[in-house]
């Protein structure tokens, strides 16, 4: 009997503590929309000094005219840096409903993006002076296809324009990455938006947050319909469960 009395408080704590901790934990990553970082993208060789999630300009939304664009991926350098800087996507090959790893083998991929430049260096003499987008496809950890699309630097400043290209990917892409880069000796300011990658024959994948509109922790956010779609929740990320949250939630602050 004495042993039972001794263990009871411990059992009570073990039963109650998880509930208390859970009650004080927000299950939604960035549920208050205060984290000012784009979802599904990371900076390359930078801490935010050169590569920023910008709201000063954005390309028109090519997929839905009813939803105006507000954000873009910006890179700005006044002088040379020690290495390339920019943005890199997460692996999009099998991200959520993407299925390039199962249905995207040996196919032609259409590649495109929107870009704007202001005061960039012109007529680059080498790769270090160039601004470009790199699409990379891997299988088994090895590069099986790559396309580098250079940004027009014949003039210092150019308004928003669409750049298109294509790449045949032989083999099965288990990893697909897109990088938005300024060479270490490139200078000026460049904005990227509406990054696209998909097979020419039907749909097998898309670039998550290719339009730069979604904050980290969210799949999609629009103020027009007052609807947000969760990227993942605490404790269920492994299963990639989605939560749909409907309500009058505010947009990320500029």
Which order do the peptides 150-157, 49-56, 191-198 come out in when sorted by mean C-beta neighbours inside 10 angstrom, highest first?
191-198, 49-56, 150-157
Decide, for the stretch 41-213, between rounded, prolate and oblate: order the square roots of the alpha carbon gyration tensor eigenvalues as a ≥ b ≥ c, take rounded if a/c falls under 1.5, and otherwise choose prolate if a/b is larger than b/c, else oblate.
prolate
The rounded separation in angstrom of the Cα centers of the stretch 60-100 and the stretch 157-198 is 8
Length gained, residue 82-residue 37, 0.36 nm per residue minus C-alpha separation, equals 13.8 nm
Quick check on the exposure proxy: order 138, 109 from fewest to most C-beta atoms within 10 angstrom.
138, 109
Spin-label proximity, residue 146 to the stretch 112-130 - amide N less than 19 Å from point 7 Å beyond Cα toward beta carbon
112, 126-130
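Read-outs: derived from the displayed coordinates by stated rules, not from any lab. Since we're looking at a predicted model, the values are computed, not measured. Note that we place each Cβ from the backbone using ideal geometry, even for glycine, and neighbour counts take in every protein chain shown.
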